Amino acid sequence: MAHIFVGAFTTALFLLVIISARKKDIQVKWWQWVLTFFEYIYFIFVLEVIVSFLQEGAAKGALVIGTILGFIAVVWAFLLYRFVFSRRAGKEK
């Protein structure tokens, strides 16, 4: 059941990114969408690892690996936002 929630949450998040980019009229190139898709897949991986650790009863393991892998996911998401999806990223200097 937890896997269904992870899938629903990440799908809603991905659709939110797409709708937000269209609403703000941000021009995203194909390779930027590829990077975004890989971030999406990695985020799913991180959440599934945490859920798997919790199902095995290893809460401390889930905390440790979730912190390590989650930090990478958050940094990647911040860089995507900063250089791809912010309004200033689309403007040329």
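The values are calculated or read from the model by the stated rules, or taken from the named source; none is laboratory data. Not measured: the values here are computed from a predicted model. For neighbour counting, all protein chains shown are included, and Cβ atoms are generated from backbone atoms with ideal geometry for every residue, glycine included. Heavy atoms of the whole protein, side chains included, go into the accessibility calculation; ligands, DNA and RNA do not. Shrake-Rupley method; radii C 1.70, N 1.55, O 1.52, S 1.80 Å.
Details
- Taking all protein chains together and a 1.4 Å probe, the residues Arg22, Arg82 rank Arg22, Arg82 from largest to smallest accessible area.
- Between the helical axis of 59-80 and the longest alpha-carbon principal axis of the chain there is an angle of about 0 degrees.
- In degrees, nearest ten, helix 2-23 long axis to first principal axis of the chain (Cα): 10
- Under-28-angstrom lysine pairs by C-alpha in the chain, whenever the two are 8 or more apart or on separate chains: 6
- In the chain, helices alone account for a calculated mean residue ellipticity at 222 nm of -27500 deg cm²/dmol, with every DSSP H run of four or more residues adding -39,500 (n - 2.57).
- 0 to 90° range, to nearest 10: angle between helix 30-56 axis and the chain longest Cα axis: 20
- Label sites at Thr11 and Glu48, each approximated as a point 7 angstrom past Cα along Cα to Cβ, lie 1.5 nm apart.
- Shape category assigned to the chain from the gyration tensor of Cα positions, a/c cut at 1.5: prolate
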